[in-house]
Amino acid sequence: MLDITTRDIKFLPGVGEQRATLLGRELNIRSLYDLLYYFPYKYIDRSRVFKVNELGGQLQHVQLLGEIRSFEEMGEGASRRLVAHFTDGTAFVDLVWFRGIKFVKNRLKLNTQYVVFGKPSVFNGRVNIAHPDVDDASLLKLDTMGLQPYYNTTEKMKRHGLNSNAMLKLVQNLFSLLTAPLNETLSADIIQKNGLMSLDDALRIIHFPRNPKELQLAQYRLKFEELFYIQLNILHYAKERQMRYVGHRFARVGEMFNRFYNEQLPFRLTNAQKRVVKEIRADVNCERQMNRLLQGDVGSGKTLVALMSMLLAKDNGYQACLLAPTEILAEQHYATLCRMLGPLPVRVELLTGSTKAKERVPLFEALESGGVDILVGTHAVLEDNVLFHNLGLVVIDEQHRFGVVQRAKMWAKNSVPPHILVMTATPIPRTLAMTLYGDLDVSVIDELPPGRKPINTSHIFRNRIDSLYSFIRGQINEGRQAYVVYPLINESEKLDLKNLEDGYRQLCNVFCDYKLSKLHGKMKPKEKDDEMRRFASGETQILVSTTVIEVGVDVPNASVMVIENAERFGLSQLHQLRGRVGRGASQSYCVLVTDYKLSEDTRKRMEIMTTSNDGFEIAEADLKLRGPGDMEGTQQSGIAFDLKIANLARDEQLLKFVREVARGVVEADPQCCSPLYRVVWERLQRIKSINNRNWGAIS
Ligand code: ADP
Ligand code: MG
């Protein structure tokens with residue numbers, strides 16, 4: 001039997017070696033299965049024929065039936081074109097070709113009935129259609145043509161003749177190989193209860209719909225299935241883990257927690273902080289391993305929650321560990337914890353890549369003997385030779401630099417895996433969180449400590465940069481500091497650095513009476529930390545940097561964040577950068593600098609940034625503008641998924657619904673052995689192996 005998931009695309013009639021290479025490289029289509037699941041991105045109704053006098057500039061593609069009355073060649077050089085004056089008796093429209101003029105003129109005849117298909121536009125007050133499809137009317141049966149599918153292809157593919165039409169032919173060839181119906185991939189009860197179309201029908205219709213109604217049903221079935229398996233994968237994984245591992249039980253709220261709360265806490269917890277601490281306590285008080293994601297906007301006070309959770313561990317006889325993505329952050333956390341704990345007898349230690357070998361020996365001994373209560377560190381803690389006496393809780397700050405693999409490494413540090421609390425300031429919209437971190441429970445700090453002044457954000461064009469400089473000067477004269485950030489453009493690291501270097505030089509000229517720091521990803525960690533320290537201690541007044549400062553750094557005295565080439569940043573990243581200021585009590589400012597010419601998209605982003613300070617609102621907007629593929633954290637999450645038809649921004653309702661269906665399956669059949677769901681579990685394995693082949697992903 002033909003196995004479409006393994007059959008190489010090159011064996012499909014009409015493909016061959018060369019096209020197979022292109023399909024693989026450009027669209028990741030390597031097997032017949034990949035092509036079957038390469039869905040059209042739009043459909044055009046070809047059963048409808050428009051009248052020429054109905055045309056205007058706003059129409060999408062239209063179809064006309066009429067005759068060419070005359071040809072005319074016009075223009076010189078690049079604007080040389082062939083115009084055919086076409087009419088159906090209601091009015092005239094110009095058909096225009098800029099290329100292949102001779103070929104078109106030889107092929108088309110005057111006064112013959114043609115079906116013309118294309119996108120009208122208005123030029124100099126006249127309606128025209130450039131490079132239309134023109135077919136002999138006697139050859140097309142319009143009323144049976146239904147909806148015409150359109151497939152996305154790349155420029156490179158088009159240059160080799162692989163346009164949408166060619167893709168359509170390949171899909172037709174594929175279906176003529178599929179003589180038997182495709183095997184169903186959802187269980188009968190799910191199909192029946194949810195009124196779903198069969199897989200075989202859905203796949204045929206998604207490529208060749210006859211009418212919008214059945215197309216909609218096919219789309220629904222395929223979206224349902226796509227989201228269902230993502231959710232099933234995550235929920236099954238979480239269930240398995242829950243059954244396999246018991247967790248440490250922190251039953252007591254003990255002395256250190258209480259003394260900290262009563263004697264050391266310099267302010268009152270916000271209601272959100274209180275709620276989250278309660279959620280964590282409930283989690284660690286039952287015999288299950290906690291895996292919780294704590295989301296809270298920059299400055300919302302996550303560190304305090306982390307500390308209180310770690311004190312719970314201490315009070316119950318366990319050690320805790322706080323992981324940070326960079327040395328400077330680890331040092332800051334270490335200093336913060338020591339300061340907050342004051343005289344309380346809790347031993348906190350620091351371990352980073354720069355911890356000297358000499359200091360490591362006693363530190364490791366103290367860790368193993370249980371003398372250390374809280375270890376703050378970087379990736380260095382993950383090393384196999386770092387052993388704990390009794391690790392009960394791991395807090396990971398700024399999740400997206402640590403993936404699933406790193407989390408798993410920390411589990412292995414104790415025979416019973418420690419509770420895990422992941423903290424992130426990148427607000428992730430709920431739909432995405434359900435998909436990326438669906439195995440984690442989520443807590444949210446949705447409230448800032450009182451007294452914070454909202455950051456004043458403005459957007460200026462580059463030609464007003466001088467007034468910005470005098471503003472910065474004013475702030476520095478008041479004793480404040482400023483960040484100036486340049487984007488990483490990725491295309492060329494050299495160019496990126498040049499951008500930064502040019503900017504730095506210019507700023508050094510303008511601010512020659514002050515000291516400036518410079519920071520970028522190509523510097524050694526030690527150099528970066530030194531430079532960052534100079535700025536943090538106030539030795540330098542301006543920090544010129546690429547986005548390396550994005551994560552967590554805390555310099556409360558900085559009051560200005562300038563983001564150069566702001567059009568190059570996504571919304572979430574802009575918000576993240578902005579969060580570096582506004583950490584002290586006085587007014588802070590964020591200034592977005594762009595060119596004068598902006599795309600519609602950029603204009604929207606600038607508008608959202610200048611009107612909203614709410615990380616979640618911004619994340620939702622970001623998801624809508626960019627789509628989930630580009631969202632931060634997607635790549636690092638370790639759970640690979642590539643949505644072919646569902647859209648996390650648009651299909652939130654369906655996602656929630658389908659999640660419950662998947663949960664029902666996991667609850668009803670936790671051992672994956674019921675015949676009722678056999679087809680479902682087999683399909684899940686299949687999807688995982690296909691994903692592994694395509695991305696080498698962990699899932
Ligand atoms: P983030 O969530 O960005 O990690 P931090 O934990 O660094 O935020 O907290 C930001 C600042 O707010 C710190 O200086 C911290 O001491 C302060 N803070 C935290 N909680 C409160 C609170 N309940 N009331 C007042 N200030 C608070
Ligand atoms: Mg923080």
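The values are calculated or read from the model by the stated rules, or taken from the named source; none is laboratory data. Everything quoted here is computed from the prediction, not taken from an experiment. Neighbour counts are summed over all protein chains in view; Cβ atoms, including those assigned to glycine, are modelled from backbone coordinates with ideal geometry. Please note that ligands, DNA and RNA were not included when accessible areas were found on the heavy atoms of the full protein model with its side chains. Shrake-Rupley method; radii C 1.70, N 1.55, O 1.52, S 1.80 Å.
A few notes on this one:
- Condition check for M606 on (1) more than 16 Å from ligand 1 (Cβ to nearest atom); (2) open to solvent by less than 10 Å² (accessible area, probe 1.4 Å); (3) outside any helix (DSSP H, G or I): one failure, at (3).
- Residues that are at pLDDT 85 or above and among the aliphatic types (A, V, I, L, M) within the range 551-584 comprise V555, A558, V560, M561, V562, I563, A566, L571, L574, L577, V581, listed in sequence order.
- Hits in the range 327-364 (condition: within 23 Å of N385 (Cα to Cα), part of a loop (DSSP other than H, G, I, E, B) and open to solvent by 40 Å² or more (accessible area, probe 1.4 Å)): R347, G353, S354, K356
- Evaluated against (1) open to solvent by less than 10 Å² (accessible area, probe 1.4 Å); (2) farther than 30 Å from E447 by Cβ; (3) at pLDDT below 95; (4) of a type outside the set (G, A, S), V372 falls short on exactly one condition, (3).
- When R126 is tested against (1) within 30 Å of Y37 (Cβ to Cβ); (2) surrounded by fewer than 18 Cβ atoms within 10 Å (Cβ to Cβ), exactly one condition is not met: (1).
- Test: residue in the range 358-371 that is within 13 Å of ligand 1 (Cβ to nearest atom) and under 22 Å from V284 (Cβ atoms): no
- Of all residues in the range 435-446, one or more are assigned to a helix (DSSP H, G or I), crowded, with 17+ Cβ neighbours inside 10 Å, at pLDDT below 85 and on the phi < 0 side of the Ramachandran plot.
- Inter-residue pairs, beta-carbon under 7 Å, first assigned by TED's automatic domain parsing to the domain that holds E478 and outside any loop (DSSP other than H, G, I, E, B) and in the range 579-595, second more than 10 Å from ligand 1 (Cβ to nearest atom) and of a type in the set (D, E), 6+ apart: V593/E564; T594/E567
- Residues within the range 310-325 that are within 14 Å of ligand 1 (Cβ to nearest atom) and surrounded by fewer than 24 Cβ atoms within 10 Å (Cβ to Cβ), tallied: 1
- Among the candidates A202, A188, the residue that is open to solvent by 20 Å² or more (accessible area, probe 1.4 Å) and under 27 Å from V666 (Cβ atoms) is uniquely A188.
- Test result for L182, modelled with pLDDT of 90 or more, outside the structural domain of G75 (by TED's automatic domain parsing), part of a loop (DSSP other than H, G, I, E, B) and surrounded by 11 or more Cβ atoms within 10 Å (Cβ to Cβ): yes
- Identity of the residue in the range 270-309, more than 15 Å from ligand 1 (Cβ to nearest atom) and assigned to a loop (DSSP other than H, G, I, E, B), that ends up least open to solvent (accessible area, probe 1.4 Å): M290
- Answer residue from the range 252-266, given it is open to solvent by 60 Å² or more (accessible area, probe 1.4 Å) and modelled with pLDDT of 90 or more and is nearest to ligand 1 (Cβ to nearest atom) among those: Y261
- Scanning the range 273-285 turns up one or more residues that are under 30 Å from the mean Cα position of the chain (by Cα), away from ligand 2 (no atom under 16 Å from the Cβ), touching a residue at least 40 places away in the same chain (Cβ under 8 Å) and more than 24 Å from P450 (Cβ to Cβ).
- Scope the range 122-162; condition closer than 26 Å to L110 by Cβ and either in contact with a Lys or Arg (Cβ under 7 Å, 6 or more places away or on another chain) or of a type in the set (K, R) (or both); matching residues: R126, I129, K141, L142, M145
- Condition check for Q18: open to solvent by 60 Å² or more (accessible area, probe 1.4 Å) and among the polar types (S, T, N, Q): yes
- Only one of V62, V49, V83 that is farther than 16 Å from N128 by Cα, at pLDDT 85 or above, touching an Asp or Glu at 6+ places or on another chain (Cβ under 9 Å) and among the β-branched types (V, I, T): V49
- Residues of the range 136-151 that are loosely packed, with under 14 Cβ neighbours inside 10 Å and under 22 Å from S164 (Cβ atoms): D136, L139, K141, T144.
- V116 vs. criteria among the β-branched types (V, I, T) and open to solvent by less than 20 Å² (accessible area, probe 1.4 Å): yes
- Only one of the numbered conditions (1) surrounded by fewer than 19 Cβ atoms within 10 Å (Cβ to Cβ); (2) assigned to a helix (DSSP H, G or I); (3) among the charged types (D, E, K, R); (4) away from ligand 1 (no atom under 14 Å from the Cβ) is not met by R221, and that is (1).
- Per the conditions (1) over 22 Å from V376 (Cα atoms); (2) away from ligand 2 (no atom under 16 Å from the Cβ); (3) in a helix (DSSP H, G or I); (4) of a type in the set (A, V, I, L, M, F, W, C), the sole criterion not satisfied by F267 is (3).
- The listed residue being acidic (D, E) and within 28 Å of the chain's Cα centre (by Cα), out of D189, D297: D297
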